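Written out below as structure tokens is the structure these notes cover.
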Amino acid sequence: MCYRALHNVMKRAHHERAAHARLLDKQRRVRSIVHQMTLRGEPRQNIDDVEDTLTPPEVAVLQSIEKRLKQLNTAELELDRNLFIFKWYFMYPQ
């Protein structure tokens, strides 16, 4: 049962990333550009212009995706932990 749940969680996370790959890539590129501009000491106005390339609806979708992926990652870690405990419990006879 836990293996099936783990599989489903991993599959769902993969689907979420694939469905919004373009938007996640855009966010990654914007963050990278902003970071480089900050390191170079560019004016805040230029940095704000780059950050504005992500529209408010895109930002809302990205926040939703990040929240969902965080929940799925947490679920995956908990399931993995439970599987580890079950494995060791059944490995040693009482």
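The values are calculated or read from the model by the stated rules, or taken from the named source; none is laboratory data. Since the structure is predicted, the reported quantities are computational estimates derived from the model, not experimental observations. Here Cβ is always computed from backbone atoms with ideal geometry, including for glycine, and neighbour counts include all displayed protein chains.
Quick notes on this structure:
- Checklist (1) under 30 Å from Arg4 (Cα atoms); (2) modelled with pLDDT of 95 or more; (3) not small (Gly, Ala, Ser) applied to His35, failing item: (1)
- For the stretch 50-63, a residue qualifies if it is in a helix (DSSP H, G or I) and surrounded by 12 or more Cβ atoms within 10 Å (Cβ to Cβ), and the qualifying residues are Val50, Glu51, Glu58, Val59, Val61, Leu62.
- Residue check for Leu6: modelled with pLDDT of 95 or more and buried (at least 16 other Cβ atoms within 10 Å of the Cβ): no
- Applying the condition of being of a type in the set (Phe, Trp, Tyr) and without any contact (Cβ under 8 Å) to a residue 24 or more places away in the chain to the stretch 70-94 and asking which residue is farthest from Met10 (Cα to Cα) yields Tyr92.
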